[in-house]
1. About the Cα centre of region 49-371, how large is the charge dipole given +1 on each Lys and Arg Cβ and -1 on each Asp and Glu Cβ? Please answer in debye to the nearest 20.
2. Positive end of the charge dipole of the chain (Lys, Arg +1 and Asp, Glu -1 on Cβ, about the Cα centre): tell me which of Asn265, Ala145, Val218 has its Cα farthest that way.
3. Enumerate by residue number the GluC sites (Glu not before Pro) in region 189-225 meeting two conditions: DSSP loop (anything except H, G, I, E, B), and at most 15 other Cβ atoms within 10 Å of the site's Cβ.
4. Using Cα atoms only, what is the angle between the long axis of helix 75-86 and the major principal axis of the chain, expressed in degrees (0 to 90) to the nearest 10?
5. Angle check, please: helix 177-191 long axis (alpha carbons) against the longest principal axis of the chain (alpha carbons), in degrees 0 to 90, nearest 10.
6. So if we plug the beta-carbon distance of Glu284 and Ser311 into 1/(1 + (r/R0)^6) with R0 = 22 Å, what FRET efficiency do we get, rounded to 0.05?
7. Running Debye on region 232-348 with equal point scatterers at the Cα sites and no solvent, what base-10 log of I(q)/I(0) appears at q = 0.11, 0.17, 0.19, 0.24 Å⁻¹?
8. Taking 0.36 nm per residue of sequence separation and subtracting the Cα-Cα distance, how much length would be gained by fully extending the chain between Arg340 and Asp179, in nm to one decimal?
Amino acid sequence: MKIFFERILLSTGWAHNKTVAIENGVITAIESGFVEGAEKVDGTAIPGMINCHSHAFQRAFAGFSEIKHENGDSFWSWRDVMYKFLKQLSTDDIGIIAQHLYIEMLKAGYTRVAEFHYLHFGKDNTPQSSAVNMAKTIFEAGNAAGIGLTLLPVLYQFSGFGEKAPLANQQRFIHSVDDFNALVTECFEYSQTYENTNVGIAPHSLRAVNKSSLICAVEHVRALDPMAPIHIHIAEQQKEVDDCLTFYGKRPVEWLFDNITVDENWCLIHATHINEFEQHAIIEHGAVAGICPTTEANLGDGIFPATEFVSRGGKFAIGSDSHISVSPIEELRWFEYTQRLIKQQRAVLATSDQPSVGQFLWNEALAGGQKVTTPNIGSIAVGMQADIVVLNNNQLAEYASSDEFVLDSLIFAAKANMVKDVMVNGRWVIKDTHHQNEHQVTQKFVSLLASLTH
Ligand SMILES: [Zn+2]
């Protein structure tokens, strides 16, 4: 298959009038000019974005938790409400929510998602509600939508530091480490039967796993794949840092680096509350900070010290986490704007090599996201998977639209979604802003939503 693009952001920079040849989902050649037989695509092509952090089921809850309560509202009170909500969800319900969400992601410009998958069991004790079935449901939702999927089964054992017994409403998350490792092995096998998927693990957080299980799970997955992505919620809330200090005498990131070999395939989700020492440790080891700006704002988590981290060469990726927003543009805009508000400066997250904030953010979020999902994605170049988003040139023309301003206009100025077409793994999944299953899946999602108590 050959596709001709008028304008395209290659790994080497902007280019015009290029024909991209694709075989088995991979870019095999990029030639100048129109090559006979190529499909002509109007628009501006950029690499698809990687979403490094998703809890798919939480999308069905977005918008239902913005009510003020008399006793105060925090991450922890939000979590209680979320736990009550998820009690109602069956394995099939999760499949509908995930497929609907993944279509939303594609339409917004995400071409891969890392699913931090902790809702393992169905709501009854039937074999159909097993953890394996739930994992298959997520794989199937990803394939039905056509998004690339990195499944991260979550090890969840305790409700707090010191091996506190899980709460009643956490039972559907809980595994022994042996059962968890068996599930991970099965997921590796199943992922071979699905298209464009891979598997890593996610120890939920330092409060939810103990040291021996953490080491055991990491060793197990690394024996299956030495570069398997490993994600962990690390320092989202100040209370988590305080509890970690009380129990371990160390802050979470500090403890992690003292006790485990952390490398560039580790993603530290919500590395929000870190001190200078911890920041240097993350950068030195090449680990990626997984930042979810809209969820972190929505939950009142705090602000990641991005200015210092990025200026020192730290790597980051973006995620939509609770899916209060499903838009890479909004995540990247908030990532920059929170820094501007703190620093009382402009154009903070950019460098002299790449002074366009928008282009810097888009490329860097991909470079970080690729390290913690799967290797051959994140840029448009020969040998890379063809994950391409095409922006609508008519919409772009309403803003500064010459090459150097495209991503700034997209991220900071656009009043509407400019994503027109999306290709994943060499296949068009969004054409003229539509997905072939969107009507049917939206109907199912809407009826499900109407049947749930929020
Ligand atoms: Zn999360």
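Each value in this text was obtained by applying a stated rule to the coordinates, not by laboratory testing. Since the model is a prediction, treat every value here as computed from it, not as a measurement. Methodologically, a virtual Cβ is constructed for each residue, glycine included, from the backbone with ideal geometry; neighbour enumeration extends over all protein chains shown.
1. Magnitude of the dipole: close to 400 debye.
2. Value computed over the given set: Ala145.
3. Those that pass, being in a loop and sparsely packed, are Glu195.
4. Roughly 90 degrees between the two axes.
5. Around 20 degrees separate the two axes.
6. 0.90
7. Results for region 232-348 at q = 0.11, 0.17, 0.19, 0.24 Å⁻¹ read -0.34, -0.82, -1.01, -1.46.
8. On the way: separation 161, 0.36 × 161 = 57.96 nm, distance 4.60 nm.
So the extension gain works out to 53.4 nm.
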